[in-house]
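Enquirer: Quick one: the structure is below, questions incoming.
The values are calculated or read from the model by the stated rules, or taken from the named source; none is laboratory data. Nothing here was measured: the structure is a model prediction, and the numbers come from that model. A quick note on method: Cβ atoms are made from the backbone with ideal geometry, for glycine too, and the neighbour counts reach across all protein chains shown.
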């Protein structure tokens, strides 16, 4: 089975064959764009993308099992990734504004490592605040603090 066949078989078994799928395989990664109806998209994305992240890992492991090389798989459903990135940007900007106005640090819990990294990058461009993470595992939080 080639990489595209592995991915198609996975999603067709999971969702049926009435889905729109675009697969792009490069030497660095596999990118999968899915267009799904609302019912299926919620199931595939999960709460804050947790199911989507798990699916990406499973697909990467399936590919590694067949090809012995690790190739990360990035799955995007109905432009979820772009919409989530926009929401994180607004969250970062609004929180930075509140921190600067109040002079008090604020925390953002319940973010994935990807989301924390994304917010750190956004905040690095905003003057007057700094960000850092505290805690371990699922209890890790992002702190946004004023720079004095």
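Enquirer: Is at least one residue of the stretch 59-66 assigned by TED's automatic domain parsing to the domain that holds residue 13, loosely packed, with under 13 Cβ neighbours inside 10 Å, on the phi < 0 side of the Ramachandran plot and within 15 Å of the chain's Cα centre (by Cα)?
Expert: no
Enquirer: Can you tell me which residues in the stretch 134-148 are within 19 Å of residue 92 (Cβ to Cβ) and outside any loop (DSSP other than H, G, I, E, B)?
Expert: Within the stretch 134-148, 134, 141, 142, 143, 144, 145, 146 qualify.
Enquirer: Here's a follow-up. Can you tell me which residue in the stretch 92-110 is nearest to residue 47 (Cα to Cα), limited to those that are crowded, with 18+ Cβ neighbours inside 10 Å and out of contact with any helix residue (DSSP H, G or I) (no Cβ under 7 Å at 6 or more places or on another chain)?
Expert: Checked the stretch 92-110; the qualifying residue nearest to residue 47 (Cα to Cα) is 95.
Enquirer: Right, something else. Run residue 32 past the list (1) modelled with pLDDT of 95 or more; (2) under 30 Å from residue 146 (Cα atoms); (3) surrounded by 18 or more Cβ atoms within 10 Å (Cβ to Cβ) and report the number of the one that doesn't hold.
Expert: Failing condition for residue 32: (2).
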